[in-house]
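The values are calculated or read from the model by the stated rules, or taken from the named source; none is laboratory data. For clarity, every value in this text was computed on a predicted model and none was experimentally measured. Positions of Cβ are backbone-derived with ideal geometry, glycine not excepted, and every protein chain shown enters the neighbour counts.
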Amino acid sequence: MAVEVRIPTILRPYTGGEKVVTAEGASLQELIANLDATYAGIGERLVDESGLRRFVNVYLNDEDVRFLDGLATEVTEGDSVTILPAVAGG
Amino acid sequence: MRFDSLLDSVGHTPLVGLPTLSPSPDVRLWAKLEDRNPTGSVKDRAALAMITKAEKDGLLHPGSTLLEPTSGNTGIALAMVAKQRGYKLICVMPENTSSERAQLLRMWGAEIIYSPAAGGSNEAVRVAKEIGKQNPDWVMLYQYGNEANALAHYETTGPELLADLPTITHFVAGLGTTGTLMGAGRYLREAKPDVQIVAAEPRYGELVYGLRNLEEGFVPELYDESVLTSRFSVGPRDAVRRTRELLDKEGIFAGISTGAILHAALGLAAKAEKKGEAADIAFIVCDGGWKYLSTGAYEGTLEEAEAALEGQLWA
């Protein structure tokens, strides 16, 4: 079950500069664990004990996962996951 | 309609149906034309409310200087109100914003201090806070954390929407300071507990996310996740495509952030239609397209427009 994950500039040192990587898992949590197994250290930049870090936004097919099931959000083959830092607008 | 002054005319904007883009008579889209405000954007509501509140709180005196981080519309709105009320305005604006915004700011008498493009509005906020520390006499209304921003929408935008569309099922707006969604969202939720409050957030090019570390990320103090039902990230290609569609199908000439909002609204409409549910989906037209003509979003193919917007703060 391969899912495409878009990595923001700031985390690319972990992926050897790759912008888009693939990871496996049935949920976002599994996906992040799988990412961390391949790219050691990236996991703790994304989550802490309480869940997704405050300044990290993760989108499943463009929808913010905090309004889906958070880390328990199911992912399926062909989905696209985008990770972005929180930025200001206005 | 007659008003005593330009400032008295802020708000009371039309809500217009979109007969062509609405999927069926049961699933309807409605555009709230905030470009009909005095400086042409939804931000006039927040600017007027924040300055009026600061006056009531005794923070402003004739000749006071205001300092504000802004990517454009809030600054332009504040500049207009400040000029009417006799204050000076200094805006901290990212350098990767359209030239029209700087021209308009200067016309209304504001001074501009540019912040670096990398990091976008986060940088503008950081730079403005630094400058504020060195100039304690200046008043920073700080749109990202000023309750009067959200309150303006609780007291005006929300009630206007409900009065014009009592059957509203969804409200969709852009997510910047979060003031529109928090204020109008809270009002609508109180009146109609089942209403869906949906955020459309612009997804910029990589330059804008060029932070040095994740701890430099920014979440506006006004933001309360519990007000929202869902939140979508919309890239420049979809935003431009929908901006053009809105003009082509319904005759409405809007800015690019409105295209992002329409994209989310159309997604909700398609979902309701598929489920066979009736829906009245209202969304915000933040501003007209005039200020963005120089960005290249309105000419050429979608690919060309997307390439032209790369690295720009288009919303």
For this session: Determine if region B:51-61 includes at least one residue that is touching a Gly at 6+ places or on another chain (Cβ under 8 Å), in a loop (DSSP other than H, G, I, E, B) and either assigned by TED's automatic domain parsing to the domain that holds B:Asp287 or touching a residue at least 40 places away in the same chain (Cβ under 8 Å) (or both).
Result: no
Exercise. Do we find a residue being over 21 Å from the mean Cα position of the chain (by Cα), surrounded by 19 or more Cβ atoms within 10 Å (Cβ to Cβ) and among the hydrophobic types (A, V, I, L, M, F, W, C) anywhere in region B:166-187?
Worked result: no
Problem set entry | region B:116-153 - residue that is facing another protein chain (nearest Cβ under 10 Å) and in a helix (DSSP H, G or I) and, of those, modelled with the highest pLDDT | B:Asn149
For this session: Confirm whether B:Ala124 is buried (at least 24 other Cβ atoms within 10 Å of the Cβ), out of contact with any helix residue (DSSP H, G or I) (no Cβ under 9 Å at 6 or more places or on another chain) and either closer than 21 Å to B:Val219 by Cβ or assigned by TED's automatic domain parsing to the domain that holds B:Gly11 (or both).
Result: yes
Exercise. Mind checking whether some residue in region B:89-97 is surrounded by fewer than 24 Cβ atoms within 10 Å (Cβ to Cβ), farther than 18 Å from B:Asn149 by Cα, out of contact with any helix residue (DSSP H, G or I) (no Cβ under 6 Å at 6 or more places or on another chain) and at pLDDT 95 or above?
Worked result: yes
Problem set entry | From the options B:Glu206, B:Glu201, residue that is surrounded by fewer than 21 Cβ atoms within 10 Å (Cβ to Cβ) and among the acidic types (Asp, Glu) | B:Glu206
Problem set entry | strands (runs of 3 or more DSSP E) (entirely within chain A) containing at least 2 residues that are within 12 Å of chain B (Cβ to nearest Cβ), in contact with a helix residue (DSSP H, G or I) (Cβ under 7 Å, 6 or more places away or on another chain) and buried (at least 19 other Cβ atoms within 10 Å of the Cβ) | A:56-60, A:80-85
Exercise. For B:Pro159, are the conditions met, namely being without any contact (Cβ under 8 Å) to a residue 12 or more places away in the chain and either surrounded by 24 or more Cβ atoms within 10 Å (Cβ to Cβ) or more than 14 Å from chain A (Cβ to nearest Cβ) (or both)?
Worked result: no
Exercise. Tell me, which residue of region B:164-186 that is in contact with a strand residue (DSSP E or B) (Cβ under 9 Å, 6 or more places away or on another chain) and among the polar types (S, T, N, Q) is farthest from the other protein chains (Cβ to nearest Cβ)?
Worked result: B:Thr167
Exercise. Within region B:99-127, how many residues turn out to be within 19 Å of the chain's Cα centre (by Cα), more than 19 Å from B:Glu206 (Cβ to Cβ) and of a type in the set (Ser, Thr, Tyr)?
Worked result: 1
Exercise. Across region B:187-208, what is the number of residues that are assigned to a loop (DSSP other than H, G, I, E, B) and either at pLDDT 95 or above or more than 9 Å from every other protein chain (Cβ to nearest Cβ) (or both)?
Worked result: 5
Problem set entry | Filtered residues of region B:214-230 (kept if exposed (fewer than 15 other Cβ atoms within 10 Å of the Cβ) and facing another protein chain (nearest Cβ under 7 Å)) | B:Glu215, B:Glu225
Seminar exercise, completed: The one condition B:Leu211 fails out of (1) touching a Lys or Arg at 6+ places or on another chain (Cβ under 8 Å); (2) within 12 Å of chain A (Cβ to nearest Cβ) is (1)
Problem set entry | Single residue of region B:257-315 satisfying the filter (of a type in the set (Ser, Thr, Tyr) and part of a helix (DSSP H, G or I)) that is farthest from B:Phe171 (Cα to Cα) | B:Ser294
